[in-house]
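Single-structure report; data block below.
Nothing in this text is a laboratory measurement; each read-out follows from the coordinates by a stated rule. Computed from a predicted structure; not experimentally measured. Quick reminder, even Gly has a Cβ in these numbers, built from the backbone with ideal geometry, and neighbours come from all protein chains shown.
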Amino acid sequence: MLKRKKIVVIDFGSQYSQIIARRIREMEVYCEMVREFDFNNLEDVIGIIFSGGPSSVYLENAPTIDKKVFELGIPILGICYGLQLITHLNEGKVEAAQEREFGRAVLQILEKENPLLVDVPMESNIWMSHNDHITEMAKGFRIIAKTDSSIAAIANNNNVYGLQFHPEVSHSEFGKKMIENFIFNICKAEKNFVITNFIEEKIKQIRETVGDKKVMLGLSGGVDSSVAAVLINKAIGDQLTCVFVDTGLLRYDEANRVYNYYKSNFNLNIVKVDAGDRFLSKLKGVDEPEAKRKIIGKEFVEVFNEEASKLKGGKDVEFLAQGTIYPDVIESQSVEGVSHTIKSHHNVGGLPEEMTFKLLEPLRELFKDEVRQVGKEMGMPESIVNRHPFPGPGLGIRVIGEVTKEKVKILQEADEIFIDELINDDLYHTVSQAFVTLLPVKTVGVMGDVRTYEYVAAIRSVDTIDFMTATWSKLPYEFLEKVSNKIVNKVSGINRVVYDISSKPASTIEWE
Ligand code: GLN
């Protein structure tokens, strides 16, 4: 790990925990989020935040923390559940309230000079979301702010603070200010988490870790693995070998483009595996989406394993690099704060036991937008760092029903036209994900007085923030018309184009 002072957010399961970490990083202070606090690694910790959470502190299996956290002399800020936990662990009392308090409330400050409340007006709007409340103050604590109906903020003389509301959400008007006060006035944090520092430090760290050993990385062409590859390459040059599997189910000319791009711009050492025929023969006769996904996933692992053992055998490869990012890390931690099961992201879908690699995951501290910034900073173009996501099974699930070479080719051509036009008209970056799906339906058309009987292409474009819900993009009619004409005229095999106007839910983004 880098030696950098940090704020640690202990996640008690709140839906806003990640937002707390984001807010702090936006303030250029390094921040980590954990489900279990590590009392053995305190050296760089300058502040601790207890997040909110769905549980109630007085319940038997409620997540908690060892009381000795209050004896470390490190400033603590508890948010909602966090405030309740501070109270519970310090001889105060928390009970279910008669009425739950949810939504906007007005914060009234009682202790104007408190360092947590500097530059916060005497009255401001905040966001509440709780069922429980303090019924007895914790020992040594006092109320520093309130609302009409509840205790809103507490503090003791030992730099421990609690907020009943959520300062991290934008509805809390001066919430950001209070977080800033905590990390700068109270924890004395310094602004040093900037992307250029990150890149330099990582490069140094990768060199130290890897030494003269060899590293292998599965390059998919997606943002995370591409940025990881370029960063590691900057650090150790051709000690890194990237394996790029062409499944035959990639976008139009994608395999060549990825290969040539990284070869000529970053001089990456890439082994390209042409496995298209293998994938297609395994998919023959299969039309059920889940079955297709499984086959593609399994085949991918097999191809990757074969390459890994070839490389490992011949070249003394000791590390497997992955583009794991921070949300992946958080996801793989256990939800019970007590059990400490950090499932390491095991090798790209299960390499054989005997083939042990050490993992190298240089982006594991970063959120997606930070990964993009790193890419940009290293000179990677917009077209790569801001690409739309592409599903693992690729066009295998965008050719609806059985996948054949002919259908993949038709789809690739149509998709290329759509994406190209989006880029030409400056629409690509205004939508979240756009693609074409080839339907297993043939319909009648007429071209040059001749009857045609060909496939239907469905174009889809969605707008979304988190891909959990999405709405269809309201692309201009003239644009859709142009794309439709172009596809029908240029792609032989398609004589009809439809635009998908379904939202998620009830539909999904991909069709299969
Ligand atoms: N579950 C606790 C309550 O209902 C804490 C809620 C929270 O952290 N948002 O009061």
Inset, instruction - Quickly estimate the mean residue ellipticity at 222 nm for the chain, helices only: each DSSP H run with n ≥ 4 gives -39500 (n - 2.57), and the total goes over all residues, rounded to 500. - result: -9500 deg cm²/dmol
Legend entry - Estimated translational D of segment 1-65 in µm²/s (Stokes, Kirkwood radius over Cα pairs; 4 °C; 1.567 mPa s): 103 µm²/s
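Calculate how large, on average over all directions, the projected area of the Cα convex hull of segment 103-249 is; give the answer in nm² to one decimal. Provide the component values of the computation, followed by the final result.
On the way: hull surface 57.9 nm².
That works out to 14.5 nm², a quarter of the Cα hull's surface.
From largest to smallest, what semi-axes in whole angstrom does the chain give when each is the square root of 5 times an eigenvalue of its alpha carbon gyration tensor? Don't jump to the answer; show the numbers that get you there.
On the way: eigenvalues 468, 171, 82 Å².
Ellipsoid half-lengths, sorted descending, are 48, 29, 20 Å.
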Legend entry - Within segment 46-187: Cβ-based charge dipole about Cα centre, in debye rounded to nearest 20 (Lys, Arg +1; Asp, Glu -1): 160 debye
Inset, instruction - Starting from the eigenvalues of the Cα gyration tensor, five times each then square-rooted, give me the equivalent ellipsoid semi-axes of segment 390-494, largest first, whole Å. - result: 24, 18, 11
Legend entry - Cα long-axis angle, helix 405-424 against the chain (0 to 90 degrees, to the nearest 10): 60 degrees
Legend entry - Selected from ASN269, ASN159, THR135, residue furthest toward positive end of dipole (the chain; charges at beta carbon): ASN269
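Order these peptides, 166-176, 40-50, 219-229, 187-197, by their mean beta-carbon neighbour count within 10 angstrom, highest first. Write out the running numbers ahead of the final one.
Numbers: 166-176: 20.1, 40-50: 17.6, 219-229: 22.7, 187-197: 15.5.
The densest-packed peptide leads the list: 219-229, 166-176, 40-50, 187-197.
Sort 384-395, 241-252, 270-281 by packing, meaning the average of other beta carbons within 10 Å per residue, with the highest value first. Kindly include the intermediate steps, with their values, before the conclusion.
Working: 384-395: 18.2, 241-252: 21.7, 270-281: 16.1.
Per-residue mean Cβ counts within 10 Å order the peptides as 241-252, 384-395, 270-281.
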Legend entry - q = 0.19, 0.32 Å⁻¹, segment 394-437: log10 I(q)/I(0) [Debye, one scatterer per Cα]: -0.59, -1.08
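Just want to confirm a number: the relative contact order over the chain, from Cα pairs under 8 angstrom separated by 6+ residues, in percent.
Numbers: 957 pairs, mean separation 54.8, N = 512.
Result for the chain is 11 percent.
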Inset, instruction - Could you tell me the convex hull volume per residue, in Å³, taken over the Cα atoms of segment 1-147? - result: 129 Å³
Inset, instruction - With no solvent and one equal point scatterer per Cα, compute the Debye intensity ratio I(q)/I(0) for segment 208-269 at 0.16, 0.17, 0.19 Å⁻¹ and report its log10, rounded to two decimals. - result: -0.49, -0.55, -0.67
Inset, instruction - Any chance you could give the angle, 0 to 90 degrees and rounded to 10, that helix 17-26 forms with the longest Cα principal axis of the chain? - result: 90 degrees
Inset, instruction - Please sort 440-447, 491-498 by packing, taking for each peptide the average over its residues of neighbouring beta carbons within 10 angstrom, highest first. - result: 491-498, 440-447
Legend entry - For segment 231-310, Kirkwood radius (reciprocal of mean inverse C-alpha pair distance, Å): 14.0 Å
